[in-house]
Amino acid sequence: MKKILLAFSLLLFTSSINAQTGFETSGVEILMKTDANHAYLKQYVGDWSVNAEMWMGDDSNTVQKIVLYGTVTSLLDNRFTKIHINGFIGKTVFETDFILGFNTLTEKAELSEMNNLTTEMNYYRGIWETVAEKLLLSSTATNPFDGSDIKIEKEFLFLDANNFTVSNFDYSTGERKLTIQFVFTRV
């Protein structure tokens, strides 16, 4: 019953906007529909082993390797995909959440990211190079040493139904630098 009332309310709302502005409902209708990107991400729902590598400081040869755990879930009728990663970095508890979506109107991928080690939330936007292969998103983060903005990127590589990677890059040195890579293997 609630779904029927919501659908009816949306129909009345969009009809009212159309009458006032002449805007066609096609944009609203497009936003309401999922597409091949949403369907593709659904196959990644499940539990994952996550091997992470972190490059610390200015020395790109210093790598910290960490074993974490991941869970991928579908949210809101497959409109969004949540990736939850948890474990320990040394003796410190680590948790992060990515909420990934695809805006069917703008045809842009969108991602929000938060973790328990900072109070900063990052919001990324980007493109699928092709459906089901590579997703590149960009944002800005705060440089913790001087408060300036740093361009950051997050790259998803979907290798197959049982493996994918998420790599973090920053431009704090002026050049693209890999800082963290999460390698997901289905459990």
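Here, each number is a calculation from the coordinates, and none is a lab measurement. The structure displayed is predicted, hence computed values, not measured ones. Note that each Cβ is placed from the backbone with ideal geometry, even for glycine, and that neighbours are counted across all protein chains shown.
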### Message
I'd like the trypsin sites (Lys or Arg not before Pro) in region 87-182 restricted to DSSP loop residues with at most 12 other Cβ atoms within 10 Å, sorted by number.
### Response
Lys91, Arg176
### aspartates and glutamates whose Cα lies under 17 Å from that of Lys151, excluding same-chain neighbours fewer than 8 positions away
Asp58, Glu110, Glu113, Glu120, Asp170, Glu175
### Task
Decide, for region 107-187, between rounded, prolate and oblate: order the square roots of the alpha carbon gyration tensor eigenvalues as a ≥ b ≥ c, take rounded if a/c falls under 1.5, and otherwise choose prolate if a/b is larger than b/c, else oblate.
prolate
### In region 30-111, the GluC sites (Glu not before Pro) that fall in loop regions by DSSP, at most 14 other Cβ within 10 Å
Glu107
## Note on the structure
Given pairs Lys42/Lys154; Lys42/Lys177; Lys65/Lys108; Lys33/Lys177 and cut-off 27 Å on Cα-Cα distance, the over-length ones are Lys42/Lys177; Lys65/Lys108; Lys33/Lys177
### Task
Answer rounded, prolate or oblate for region 60-129, using the Cα gyration tensor with square roots of eigenvalues a ≥ b ≥ c: rounded when a/c is under 1.5, else prolate when a/b is larger than b/c, else oblate.
prolate
### Neighbour cut-off at most 12 other Cβ (10 Å), DSSP loop, chymotrypsin sites (Phe, Trp or Tyr not before Pro), region 107-173
Phe145
### Query
For a paramagnetic label modelled at 7 Å from the Cα of Gln43 toward its Cβ, which residues of region 98-131 fall within the zone defined by backbone nitrogen distances under 13 Å?
131
